[in-house]
Amino acid sequence: MRKILFVLLALAICAIAFVAGVNWWIVREARGRVFTRVENVHENEIGLVLGTSPTVGGRWSNPFFAGRINAAASLFKAGKVKHLLLSGDNSRRTYDEPTAMRDALIERGVPSDAITLDYAGFRTLDTMARATSVFGLTRCTIISDDFHLPRAIYLATAHHLDACGFVSASVSWKWSKKTRLREIGSRLLAWIDVQILRTKPKFYGPKVQIRIGETR
């Protein structure tokens, strides 16, 4: 019994060390590529906004959604990006992240002809794969939360997308602790998807050309 317990303990320690190592590596790879101030962000033609639900439980405003939308609008108005690609989940008729993001950005003064929607950004991996294969991006500024950006940049690099990140307003630990803790496992899954499974996006679809400065 002692030998069994020792083996189990050793395996548990190795597993924890492995998860911690993957997380450290992904965060380290994003260093120098994540910005918190608009004036420090490199200029890119495309800002890639990662989707999330506009509400929590269908009743309360989602602070992650508001933060990303405000960050995207501030980058656009500062001239740091010329066009916004909104990538989110629209897997069912009653749930449409990209359209909600577009409407919120228009309310903040971003013109509709400076916005393109990606309705099949079901996961961050799907978003990055489609950004290059469907929308033809080679570089962009990713807009999301501080804890999310390292994984997003890691996946962007894996799909040959040169990306930096702009951090949306931080959500307090009280409201974000579950999401932040879940991100530890999400980074591990991203590593497995890239390094072991070679996971493909759920859906590619026809190519879409983003025309900067042209009304569609």
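Each value in this text was obtained by applying a stated rule to the coordinates, not by laboratory testing. What you see is a predicted model, and the numbers here were worked out from it, not measured in a lab. Cβ: placed from backbone, ideal geometry, glycine included. Neighbour counts: every protein chain shown.
Structural remarks
- Highest-MSF residue in the chain out of Ala73, Ala12, Ala163 [GNM, Cα springs under 10 Å]: Ala12
- Max mean-square fluctuation residue, GNM over the chain, Cα-Cα springs under 10 Å, options Ala114, Ala169, Ala20: Ala20
- Amide hydrogen neighbours beyond the local backbone of Arg139, cut-off 5 Å, H modeled: Asp162
- Taking the chain and dividing mean pair separation by its residue count, relative contact order in percent (alpha carbons under 8 Å, at least six apart): 25
- Helical contribution to [θ] at 222 nm, DSSP H n ≥ 4, -39,500 (n - 2.57), averaged over the chain, rounded to 500: -14500 deg cm²/dmol
- Span-like helix ranges in the chain, DSSP H, alpha carbon extent 24 angstrom or more, Kyte mean at least -0.5: 2-29
- Choice from Leu188, Leu155, Leu85 with maximal GNM fluctuation in the chain (Cα, 10 Å cutoff): Leu188
- Cβ-to-Cβ counts within 10 Å put Trp191, Trp24 in ascending order as Trp24, Trp191, the fewest first.
- Semi-axis lengths (Å, descending) of the ellipsoid that matches the C-alpha gyration tensor of the stretch 2-197: 31, 19, 16
- When only alpha carbons are used to place a centre, the stretch 21-41 and the stretch 43-58 end up 18 Å from one another.
- Proxy reagent accessibility, fewest Cβ within 10 Å first, across Asp126, Asp193, Asp145: Asp193, Asp126, Asp145
- If both residues of a DSSP beta bridge must be in the chain, then about 15% of such bridges are antiparallel.
- Under 5 Å from the amide H of Ala120 lie the amide H atoms of Gly88, each residue being 5 or more positions distant or on a separate chain, with H modelled from the backbone and absent for Pro and chain starts.
- Local charge for Met101 was computed over the other residues whose Cβ lies under 15 Å away, with Lys and Arg +1 and Asp and Glu -1, and equals -4.
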